[in-house]
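The values are calculated or read from the model by the stated rules, or taken from the named source; none is laboratory data. Note that this is a predicted model, so its numbers are computed, not measured. A quick note on method: Cβ atoms are made from the backbone with ideal geometry, for glycine too, and the neighbour counts reach across all protein chains shown.
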Ligand code: MN3
């Protein structure tokens, strides 16, 4: 079974003015779709497991990179929601306050992580065992490979923001954190992961 490109969970102009329709269009249609095509090309004729989580845990080289990028982008789109509640659910809020001191301190740490990642990569809020943690990863790397489970991510590859913010990654990161984070998605990831873990 080939990997399929999941539909975007919002209209391409839904993130404006923070992320333009043009950025979403190119990011989804060229980058995300490109990773899907590359995974399927690499899998052709091979007797490999085709679910992305297995590939992220066990594949190496280009197949790992492309599979992780498919997963990361699908997850990233779900982490963005301009119309949702602008704060975490009470249960996630309590956990963030316990771990980071306050929701604002968590946001500051996520922003620092996103801005500080050298080159292309991702900033993450993850469950590491029963602890919340902010972490960043380089290129395609996905925390699932390290045994952690993502709750939120921000894509900090230049293609995610360059058309809208040029070199000002910090402005893009702040706009995402203040206006676009899908707290409903993060909260439901938190609840299901706590049940699983
Ligand atoms: Mn990207």
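Observations on the model:
- Within the stretch 117-126, tally of residues that are farther than 21 Å from residue 189 by Cβ and modelled with pLDDT of 95 or more: 1
- Candidate set: the stretch 38-68, residues that are in contact with a helix residue (DSSP H, G or I) (Cβ under 8 Å, 6 or more places away or on another chain) and under 22 Å from residue 190 (Cα atoms); chosen: the one modelled with the highest pLDDT: 68
- Extreme residue, surrounded by the most Cβ atoms within 10 Å (Cβ to Cβ), among residues of the stretch 58-87 that are away from the ligand (no atom under 16 Å from the Cβ) and not in a loop (DSSP other than H, G, I, E, B): 64
- Checklist (1) farther than 15 Å from residue 188 by Cβ; (2) assigned to a helix (DSSP H, G or I); (3) over 14 Å from the mean Cα position of the chain (by Cα) applied to residue 92, failing item: (1)
- Members of the stretch 119-142 that are in a strand (DSSP E or B) and over 11 Å from the mean Cα position of the chain (by Cα): 127, 128, 131, 132, 133, 134, 135, 138
- Residues of the stretch 1-56 that are surrounded by fewer than 13 Cβ atoms within 10 Å (Cβ to Cβ), closer than 13 Å to residue 73 by Cα and more than 15 Å from the ligand (Cβ to nearest atom): 4, 7.
- Residue within the stretch 150-171 that is away from the ligand (no atom under 16 Å from the Cβ), touching a residue at least 40 places away in the same chain (Cβ under 8 Å), part of a helix (DSSP H, G or I) and farther than 20 Å from residue 67 by Cα present: yes
- Tabulated pairs, the stretch 60-75, first more than 17 Å from residue 7 (Cα to Cα), second outside any loop (DSSP other than H, G, I, E, B) and within 12 Å of the ligand (Cβ to nearest atom), C-beta under 6 angstrom, 6+ apart or interchain: 66/35
- Some residue of the stretch 12-30 being within 21 Å of residue 138 (Cβ to Cβ) and touching a residue at least 40 places away in the same chain (Cβ under 8 Å): yes
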